[in-house]
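Below you'll find the structure, written out as structure tokens, and then a few comments.
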Amino acid sequence: GYHICIYDFDYWKPTARGKEWDETRRSCGATVDLAGRIELPAMRPRPDLASTEYCLANPGVEYVVLQPEAGDVTVRDLERGRTYDVAWRALTSTAAKLPERWTATDNVGVFHPPSARVVLHLKRQAD
């Protein structure tokens, strides 16, 4: 069957499918891929923890933040002194930029996305 995310498209007319159709399908795949990499049951919507207000978080442990536009991303409620993996993902790709390690010097971090329309995934390193 068709995924609910693509119900806005007229999928009964294959000739009408163009760039937007392909981009939507890739976005669905990227969403499924990311969902398999995070501890989704432990995360909750927390718009208060990210400057973009698009944030799923298990505070102090893991964050997924959407940056739909250009600009830095600020994340709050980090654990000072802890190391996090920082990974960026394009909205239409399952490929991720290799994670970099980052140590929180405060409970707030500012991150610089490689482009607009990306997702930031922060995950605290195990003890």
Quick check: net charge around P113, other residues with Cβ under 12 Å of its Cβ, Lys/Arg +1 and Asp/Glu -1? +1
Label R26 and A70 with points 7 Å out from Cα along Cα→Cβ: what is the distance between them in nm? 2.0
Rounded, prolate or oblate (a/c below 1.5 giving rounded, otherwise prolate when a/b exceeds b/c) for the stretch 28-74 by Cα gyration tensor: oblate
Multiply the residue separation of R37 and T103 by 0.36 nm, subtract the distance between their alpha-carbon atoms, and state the gained length in nm to one decimal. 21.7 nm
Rounded to the nearest Å, the spacing of the alpha-carbon centers of the stretch 23-85 and the stretch 105-127 is 8
Size of the stretch 60-127 along its principal axes in angstrom, Cα-based, largest extent first? 32, 21, 14
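None of the figures in this text is laboratory data; all of them are computed from the coordinates on show. Fair warning: this is a prediction, and the values are worked out from it, not measured in the lab. Don't worry about glycine lacking a Cβ; one is built from the backbone with ideal geometry, like all the others, and counts go over all protein chains shown.
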